[in-house]
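Have a look at the structure below before the remarks.
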Ligand code: SF4
Ligand code: SF4
């Protein structure tokens, strides 16, 4: 693992503000890992906050809802920060307010009621892969350890930290729901040592014993990258190793992010679907870095139009996500989706424009790889288009953390070659099936 410059200041110290309502929202149908849900609205339909726009009708799928009142203006292909292009519902907005005030008593709800509320609300993992949460709560194997990820190890991002500090109680209630559904014996909450305020708040809330939880331990971890990667986190907290090519459930573990726990709480206690989230907007090109509560479907350009964000200087690079695993975009005309944790605006001085050179066999990438891979070989084979040989070097185990590219003195974009290799192998296996 590597120690990175955190760049979390000053946005980590500011209370999360509410972003203004944009004049339109662009809501992609696919905002999760899995199959597209089925569209349930037509052009010119009136919608309310929480109206179902698309229903999950496949196993690995998630509902999509309208974040506010308005009219469906169009249904068309639009920019998508992960898929590049995707079908989206365009809503001309009219009113921001909503009233999700259902009050449930957890004791009156069965396990099936809880699962239904989470599935109906379209909750997906908010820490990265956006896997539908209700599917992760019906594992095919017995789970005995629930791991809560509060690491937020990517530089700049502080949305999870603000969530932990401002909504500790709701997160713990969300954890209570997850622990009840999974029937686990132990819960670990993993938080990096640069977030002492969050650690303090969890420990003090747990001290009140207001929650019906199994054994819970808040564990403070070194702030190293990628401490929050699933397999890494499981080992750091539970000392269990996910086998190569395996999943956490193979060793009785499941991991959920702190923001996902908050959304689970809102779904079950308030009946509120996942229609907004905290997003970090940061970087040297901004006048002020901050965290905002943003409605899903908000275009980044709208936040500048409404003066929620201001440029200090022209950005050289705009990234959806963190600097290590995020995706660079070519304009501000991209929507925030459920899985967007941050948008970075980097000026010239923060963008490394160094030229790729030949590998000097220093092995720094090997020493750094948290998955024990040989990144220089993966890059070499991908450059030579030797796609099938990549499997012998366990390319599928790569979590695309970018640590190898970061430490490489020859500026080889190793993770770019790994992604290319994975894509070529997917195409190869898809062709015979087709
Ligand atoms: S090979 Fe993959 S897992 Fe290993 S450091 Fe590079 S990106 Fe991370
Ligand atoms: S870190 Fe870069 S230069 Fe060093 S062995 Fe790996 S690929 Fe080669």
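Here are some notes:
- Net length gained if the chain between residue 144 and residue 424 were fully extended (0.36 nm per residue, minus Cα distance): 97.1 nm
- Length, then width, then depth: along the principal axes, the Cα atoms of the chain run 61, 51, 48 Å.
- For the chain, the relative contact order works out to 18 percent when only alpha carbon pairs closer than 8 Å and six or more residues apart are counted.
- In nm, spacing of pseudo-spin labels at residue 310 and residue 361 (7 Å Cα→C-beta vector): 5.6
- Residues in segment 89-105 that a label on residue 45 would reach, taking backbone N under 19 Å of a point 7 Å out along Cα→Cβ: 89-95
- With the simple spin-label model, which puts each label point 7 Å out from Cα in the Cβ direction, the residue 59 to residue 3 separation comes to 4.6 nm.
- Taking 412, 177, 90 as the candidate residues, the one with maximal mean-square fluctuation in a Gaussian network model of the chain, Cα springs under 10 Å, is 412.
- Contact order normalised by residue count of segment 115-248, Cα under 8 Å, 6+ apart, percent: 25
- For segment 5-110, averaging the sequence separation of C-alpha pairs within contact (under 8 Å, six or more residues apart) and dividing by the residue count gives a relative contact order of 27 percent.
- Helix-only mean residue ellipticity at 222 nm for the chain, each DSSP H run of n ≥ 4 adding -39500 (n - 2.57), per residue, nearest 500: -7500 deg cm²/dmol
- Label positions at residue 351 and residue 104, each projected 7 Å from the Cα along the C-beta direction, are separated by 4.6 nm.
- Taken over the Cα atoms of segment 151-292, the convex hull encloses 133 Å³ per residue.
- Per-residue Cβ neighbour rank within 10 angstrom, fewest leading, 357, 40: 357, 40
- Listed from fewest to most Cβ neighbours within 10 Å, the set 418, 38, 199 follows the order 38, 199, 418.
- Cα gyration tensor category, rounded, prolate or oblate, for segment 364-433 with a/c compared to 1.5: prolate
- Highest-fluctuation residue, 340, 76, 260 considered, GNM on the chain with Cα pairs under 10 Å: 76
- Cα gyration tensor, segment 16-132 - rounded (a/c under 1.5), prolate or oblate: oblate
Computed from the coordinates by the stated procedures, all read-outs in this text should not be read as laboratory data. Predicted model only: the values in this text are computed from it and were never measured. Glycine gets a Cβ as well: all are built from the backbone with ideal geometry, and neighbour counts include every protein chain shown.
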